[in-house]
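Colleague: To start, I am sharing the structure in question, which I have written as structure tokens.
Nothing in this text is a laboratory measurement; each read-out follows from the coordinates by a stated rule. The structure presented is a predicted model; accordingly, all values stated were derived computationally and were not measured. Cβ placement follows ideal geometry from the backbone for every residue including glycine, while neighbour counts extend to all protein chains displayed.
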Number of protein chains: 2
Amino acid sequence: MRARNLAVVLGTIHRSGPNTRAALAEMTGLTKTTVSSLVSDLLEAGVVTESGAVRGGERGRPGVAVSLSGHRVATLGLEINIDYLAACVVDLTRTVRLRRTRPADNRNSSPAGTLQGLRDLVKETTAEAGEAGLRIIGAALAVPGTVEGGVLRNAPHLGWRDVRIADLTDLPFAIDNEANLAALGELWFGSRAADFLYVSGEIGIGAGLVVGGTVFRGTFGLAGELGHVVVVPDGPACRCGGQGCLEVYAGQDALLGDLGSVAELVARLESGDRRAVAACERAGHALGVALTSAVHLMDPGRIVLGGIYAPLFRWLEGPVAEGLGVRLAHMRGTPPALVVSGIGADAAVLGAAGLIIQRLIADPAQVLGL
Amino acid sequence: MRARNLAVVLGTIHRSGPNTRAALAEMTGLTKTTVSSLVSDLLEAGVVTESGAVRGGERGRPGVAVSLSGHRVATLGLEINIDYLAACVVDLTRTVRLRRTRPADNRNSSPAGTLQGLRDLVKETTAEAGEAGLRIIGAALAVPGTVEGGVLRNAPHLGWRDVRIADLTDLPFAIDNEANLAALGELWFGSRAADFLYVSGEIGIGAGLVVGGTVFRGTFGLAGELGHVVVVPDGPACRCGGQGCLEVYAGQDALLGDLGSVAELVARLESGDRRAVAACERAGHALGVALTSAVHLMDPGRIVLGGIYAPLFRWLEGPVAEGLGVRLAHMRGTPPALVVSGIGADAAVLGAAGLIIQRLIADPAQVLGL
């Protein structure tokens, strides 16, 4: 019961902003004594803070306002990408306090080596956060693969199967697919629209559908594998065993060809290089086909292109929008808006940090061990 | 408050089967006086009935059990299909009491004429139900098109756009897409599994995804348009304005060719007619491609083929399963099971009747006007 009431009070502070204890009692229906006792616990845990007087306390007297604290606790977002490891520290006001990326070649890597690198990154960022006065209360990890029951089932580009990742930290810990977490990153740190399909362009291509502020995960948590939607049924072989999947046409490898990096591709595109422009057109055309199927099946509010598609948006937008327009016009009138993610490559690692904040708000007693 | 308590009591009776008033009071936390008064209302409305003594009443004495009544009220399911109108009457024990189908050519029809036919059908079935002692308490209508806010937005094969269908009956009324209602029909009257993608093969092809017993509807209620998933991006023109949609290869028109009915196609298939077998193989191949995309995006528990695909299942199963197997094996290990719907063409109209039962259980005061 106390755990439930803690969640009610913290949830109210989160939704309604700074409020006096008296106002919190009124909003929650709890007694002032109970609210005061719960707020004490939250103050002690560093989750809320007291600020100057606000109006609207009882009988018009100014009261001391309680709000989420940005100064004492924070959450850790982590990401294993094919070619880097990343970490970020986010405080409870959703301000990014720290961001670290370490280039790494994780393609067909051994889990042990990569996880050791990640462990070092956790240690380093936790220490750095500590120097800034921030205690890390939990961590979440974004992985480029499917996750079931806390186990990384299949990350084809890493070459990992059935890897249980549990010993990165002693703190509350979660692991999820990078596209799902990137969608949450977009929801909490990007445009903050409540209904969209986030398309995560990476070496693989994932998607996270958000409906009414919640990620749709499907039956086994495997929904959103946009990269293997069939674009051309007898097209080139895909590493998934299928043929003509979207990834074959619009994954990072297809877009880069023999170029070394997305930055290099952007430079070529800016100079009008024909092969680079053609690669983007081919990818955009395939994306238009796959997204048409996704719109018909999943009915997203809008489409947000993220990951490597963010810096390439200028060149992709035309062919993608054209494909959607022609194919969807009759069935839908206006196809869903096509927009670029404002947080680009950071979406997944930010979403991971945000996930722990969400869990804290939903159940502070559990996350804080109160 | 009384409305909420009515729902609590009726919901408990629905979930737990016959129970005494004392047992209901214990299970709901309401007083015995309150339960007795609520049960009286439900008895009077014909929603529940009293049956013989059961054990387990208070202090071990046998008590009179209250259970859902199958004898006094019923709901009406309705369907506008391209080539027929249908109605069914289902009592609260989910027993089908009446089933009527009227052949009709509704393709590119005028709403006024078709709706008059439906109104006649409502009158006729309501009267017939009345003769059997059943009072109809609400009706729902399945339509082959997209529905938003009670308005039929777009039913391409009917040729209808933005038709508000409100005056079929004075009773509580609902309207929904036929594939969504067919999925609910499969859930309540078919296999009763809680996680599946119901594929509704008709002149158009729709799909209803059920996850944890709930239909996934997307952002605007337009999810599940499987018929316009792209199979071949530069394939034949589809009436939706796109090209190479699933419907072009696996809709009823493509399957029948110049044959007059599904029964005729089945007869040809049974006699080993090559053109008929080839049409099924082509449709099955296209279904395998589109369902691969659907599995990757929506992650269904299993795939249920219904509508005209039910009588054709013998001939479709092989090519569909092969396509799913080859394309999904590496990503998923085992692809979702592919099964045939046991309720075939009746799924949508049964789901429509079931929808009103579901609403009655959820909010009896509103549906019954108590």
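Colleague: Would you work out which of A:Trp188, A:Val73, A:Pro172 lies farthest towards the positive end of the dipole of the stretch A:66-209, given +1 charges on the beta-carbon of Lys and Arg and -1 on that of Asp and Glu, about the Cα centre?
Modeller: My answer, from the dipole projection, is A:Val73.
Colleague: Would you list, by chain and number, the aspartates and glutamates whose Cα falls below 14 Å from the Cα of A:Lys123, excluding same-chain residues fewer than 8 positions away?
Modeller: A:Glu131, A:Asp167, A:Asp170
Colleague: If you average the C-alpha positions of the stretch A:90-143 and of the stretch A:228-287 separately, how far apart do those two centres end up, in angstrom?
Modeller: When both Cα centres are located, 31 Å separates them.
Colleague: Sticking with the crude label model, points 7 Å out along Cα→Cβ, report the distance from A:Val326 to A:Asn5 in nm, one decimal please.
Modeller: Taking the simple label geometry, A:Val326 and A:Asn5 are separated by 6.4 nm.
Colleague: Once phi is turned into ³J(HN,Hα) by the Karplus curve 6.51 cos²θ - 1.76 cosθ + 1.60 with θ = phi - 60°, what whole-Hz value does each residue of the stretch A:355-367 show in order, with x for glycine and proline?
Modeller: 4, 6, 4, 4, 5, 4, 5, 6, 8, x, 4, 6, 5
Colleague: If the label for A:Glu322 sits 7 angstrom from Cα along the Cα-to-Cβ line, what are its distances to the same label in every other copy, in nm to one decimal, shortest first?
Modeller: Going from nearest to farthest copy, the values are 3.7 nm.
Colleague: Quick one: if the Förster radius is 60 Å, what FRET efficiency do A:Gln366 and B:Ser271 give, using the C-beta to C-beta distance and rounding to 0.05?
Modeller: The pair A:Gln366/B:Ser271 has a calculated efficiency of 0.40.
Colleague: Please order A:Phe173, A:Phe189 by the number of other Cβ within 10 Å, starting at the fewest.
Modeller: Details: A:Phe173 18, A:Phe189 21.
Neighbour counts put them in this order, fewest first: A:Phe173, A:Phe189.
Colleague: Out of residues 5 or more away from A:Ala193 or on other chains, whose amide H comes under 5 Å of its own, with H placed 1.01 Å from N in the peptide plane?
Modeller: Answer set, sorted by chain and number: none.
Colleague: Separate question: How large is the Kirkwood hydrodynamic radius of the stretch A:242-327, counting all unique pairs of alpha carbons, in Å?
Modeller: Working: mean 1/r = 0.0758 Å⁻¹.
Computed over the stretch A:242-327, the radius equals 13.2 Å.
Colleague: Over the Cα atoms, compute the radius of gyration (one decimal) and Dmax (the largest Cα-Cα distance, rounded to a whole number) for the protein assembly as shown, in Å.
Modeller: For the protein assembly as shown, the Cα-based Rg and Dmax read 28.7, 90 Å.
Colleague: Kindly state, to the nearest 0.05, the FRET efficiency for B:Arg107 paired with B:Ala278, given R0 = 41 Å and r defined as their beta-carbon distance.
Modeller: 0.95
Colleague: With charges set only on the Cβ (+1 for Lys and Arg, -1 for Asp and Glu), what does the dipole of the protein assembly as shown come to about its Cα centre, in debye to the nearest 20?
Modeller: Approximately 1900 debye in magnitude.
Colleague: Report the residue, chosen from B:Ala132, B:Ala194, B:Ala321, that carries the largest GNM mean-square fluctuation when chain B is represented by alpha-carbon nodes joined by springs under 10 Å.
Modeller: Highest fluctuation of the listed residues: B:Ala132.
Colleague: Provide A:Arg282, B:Arg217 in ascending order of the number of other Cβ atoms located within 10 Å of each residue's Cβ, fewest first.
Modeller: A:Arg282, B:Arg217
Colleague: Sticking with the crude label model, points 7 Å out along Cα→Cβ, report the distance from A:Glu124 to A:Asp162 in nm, one decimal please.
Modeller: Using points 7 Å along Cα→Cβ, the separation is 3.3 nm.
Colleague: Oh, and also: Take chain A, connect every pair of alpha-carbon atoms lying under 10 Å apart with a spring to form a Gaussian network, then pick out the residue of A:Ala139, A:Ala86, A:Ala329 with the largest mean-square fluctuation.
Modeller: Most flexible of the set in this elastic network: A:Ala329.
Colleague: Oh, and also: How far is helix B:313-332 tilted off the main Cα axis of chain B, in degrees rounded to 10, range 0 to 90?
Modeller: Between helix and principal axis, roughly 90 degrees.
Colleague: Only Lys, Arg, Asp and Glu count, each charged at its Cβ (+1, +1, -1, -1), so figure out the dipole size of the stretch A:33-166 about its Cα centre, rounded to 20 debye.
Modeller: About 180 debye.
Colleague: Continuing with this model, one more query. Can you sort B:Tyr309, B:Tyr198 so the residue with the fewest Cβ neighbours within 10 Å comes first? Mind dumping the intermediate values first?
Modeller: Working: B:Tyr309 29, B:Tyr198 34.
If I rank by nearby Cβ atoms, fewest first, I get B:Tyr309, B:Tyr198.
Colleague: The stretch A:1-152: D in µm²/s via Stokes-Einstein (Kirkwood Rh, Cα pairs, 20 °C, 1.002 mPa s)?
Modeller: Translational diffusion coefficient: 121 µm²/s.
Colleague: Right, here's the next one. Using only the Cα atoms of chain B, what do you get for the radius of gyration and for Dmax, in Å?
Modeller: Radius of gyration, then largest Cα-Cα span, for chain B: 22.5, 74 Å.
Colleague: Remind me, what semi-axes does the stretch A:108-169 give for its equivalent ellipsoid, largest first in whole Å, using sqrt of 5 times each Cα gyration tensor eigenvalue?
Modeller: Values: eigenvalues 131, 32, 14 Å².
Those come to 26, 13, 8 Å.
Colleague: If you fit an axis through the alpha-carbon atoms of helix A:274-298 and take the longest principal axis of the Cα set of chain A, what angle between them do you get, 0 to 90°, nearest 10?
Modeller: 60
Colleague: Hey, another quick one. May I ask for the angle, rounded to the nearest 10°, between helix A:111-131 and the longest principal axis of chain A, with both axes built from Cα atoms and the value confined to 0 to 90°?
Modeller: 40
Colleague: Mind checking which of B:Pro103, B:Pro18, B:Pro172 has the largest fluctuation in a GNM of chain B, springs on alpha carbons under 10 Å?
Modeller: B:Pro103
Colleague: Taking only the Cα atoms of the stretch B:2-68, how large is their convex hull per residue, in Å³?
Modeller: Taking only Cα atoms, the stretch B:2-68 has a hull volume of 71 Å³ per residue.
Colleague: I've got another one for you. Between copies, how far apart are the B:Arg275 label points? List them in nm, one decimal, shortest first, with each point 7 Å from Cα toward Cβ, please?
Modeller: Distances between equivalent label points, in nm: 5.1.
Colleague: Please sort by residue number the trypsin sites (Lys or Arg not before Pro) in the stretch A:135-202 whose DSSP state is loop and whose Cβ has at most 14 other Cβ atoms within 10 Å.
Modeller: Here the sparse-neighbourhood loop sites are A:Arg192.
Colleague: Of A:Ala254, A:Gly323, A:Ala365, which is farthest on the positive side of the dipole of chain A, counting Cα position, with +1 on Lys and Arg Cβ, -1 on Asp and Glu Cβ, and the Cα centre as origin?
Modeller: Positive-end residue among those listed: A:Ala365.
Colleague: Still on this structure: For label points placed 7 Å from Cα toward Cβ, what is the shortest-first list of nm distances from B:Gln366 to its copies?
Modeller: 3.0
Colleague: Please give the charge dipole size of chain A, origin at the Cα centre, charges +1 on K and R Cβ atoms and -1 on D and E Cβ atoms. Round to the nearest 20 debye.
Modeller: Dipole magnitude for chain A comes out near 1060 debye.
Colleague: Let me ask something additional. Within chain B, what percent of beta bridges assigned by DSSP are antiparallel, to the nearest 5?
Modeller: 65
Colleague: Continuing with the same structure: Can you give the % of DSSP beta bridges in the stretch B:192-342 that are antiparallel, to the nearest 5? Each step should come with its number before you reach the end.
Modeller: Details: 11 of 20 bridges.
Antiparallel bridges make up about 55 percent of those DSSP assigns within the stretch B:192-342.
Colleague: May I ask you to derive the relative contact order of chain B, considering only C-alpha pairs under 8 Å and at least 6 residues apart, and to give it as an integer percent?
Modeller: Values: 764 pairs, mean separation 62.4, N = 370.
With pairs under 8 Å counted, the relative contact order is 17 percent.
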